[in-house]
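Comments concern the structure below.
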Amino acid sequence: MLDNLNTIKKNIKNAAKEAGRNAEDIVLVAVTKTVDINKAEEIYKLGVCDLGENRVQELVRKRDIMPDGIKWHMIGRLQKNKVKYIIDSIELIHSLDSLGLAAEIEKQCVKKDIKVNVLIQINVSGEDTKTGFYPDEIDGFISEMSKLPHVMVKGLMTMAPYEGDAGPIFKKAAKIFKQLQKKAEDGSLPDNVIMEELSMGMSGDYTAAILEGATMIRLGGAIFGR
Ligand SMILES: *Cc1c(COP(=O)(O)O)cnc(C)c1O
């Protein structure tokens, strides 16, 4: 695991350099969905504090046993009825994919008097097996966010298709992200929409994602093996 982590760090550094970026600006989220608690603790002890899970039940199970210093990321599809189980202990929800889910997050946040960080998932490739908003739905969705002030939109998340070249997908996502960033700077987005994070890149395509501007990469297999 240490060897894998060192390789990944080197690759991040090289890709960042090639893109004229700072490696420190890229957050590595270790995706622990396929590994047990021992393995997950091992990566935490190696200094990776951001861990990602794609199922609420598994996230809660690990969270309840593992150290408090871990920042938990929800990266998979989130059902509305499960929001309440993670709402007060989640660093970032990467997979906001509907207005109904946003409204439920708002409701649970109001109950607990907290705010929660989320990313809007966008479906750039247009594959209908992938969840997320299509690019032409994003502006309309974001304008609704002014009614949900406890939902802090920190940026965008996307996934490339398993087949084919991920580069063009990431480029498209980055373009949308930059356009939104500009709008946020101009003050034309709701106050709770702050475009600073672009979560994209998995084990097979993270260097391509960094080249296009990813600020967060989500790696499972590259760290823990297949
Ligand atoms: C599983 C998963 C990952 C990690 O995938 P690897 O190919 O193992 O790196 C990243 N993001 C999401 C949303 C996932 O479900």
Residue under evaluation residue 136, criteria (1) surrounded by fewer than 21 Cβ atoms within 10 Å (Cβ to Cβ); (2) acidic (Asp, Glu); (3) touching a strand residue (DSSP E or B) at 6+ places or on another chain (Cβ under 9 Å), criterion not met | (3)
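Table: residues versus (1) of a type in the set (D, E, K, R); (2) in contact with a His (Cβ under 6 Å, 6 or more places away or on another chain); (3) within 27 Å of residue 15 (Cβ to Cβ).
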{"site": "104", "(1), (2), (3)": "yes, no, no"}
{"site": "132", "(1), (2), (3)": "no, no, yes"}
{"site": "135", "(1), (2), (3)": "no, no, yes"}
{"site": "139", "(1), (2), (3)": "yes, no, no"}
{"site": "144", "(1), (2), (3)": "yes, no, no"}
{"site": "148", "(1), (2), (3)": "no, no, no"}
{"site": "199", "(1), (2), (3)": "no, yes, yes"}
{"site": "210", "(1), (2), (3)": "no, no, yes"}
{"site": "213", "(1), (2), (3)": "no, no, yes"}
Within region 18-71, how many residues are within 18 Å of the chain's Cα centre (by Cα), β-branched (Val, Ile, Thr) and within 24 Å of residue 3 (Cβ to Cβ)?
-> 8
Tell me which residues, restricted to region 27-53, are among the hydroxyl-bearing types (Ser, Thr, Tyr) and in contact with a Phe, Trp or Tyr (Cβ under 7 Å, 6 or more places away or on another chain).
-> 34
Taking into account only those residues within region 39-55 that are assigned to a helix (DSSP H, G or I) and surrounded by fewer than 20 Cβ atoms within 10 Å (Cβ to Cβ), which is nearest to the ligand (Cβ to nearest atom)?
-> 39
Residue list for region 20-40, restricted to those being among the aliphatic types (A, V, I, L, M) and farther than 16 Å from residue 199 by Cα | 35, 37, 40
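None of the figures in this text is laboratory data; all of them are computed from the coordinates on show. All values reported here derive from a predicted model rather than from experimental measurement. Here Cβ is always computed from backbone atoms with ideal geometry, including for glycine, and neighbour counts include all displayed protein chains.
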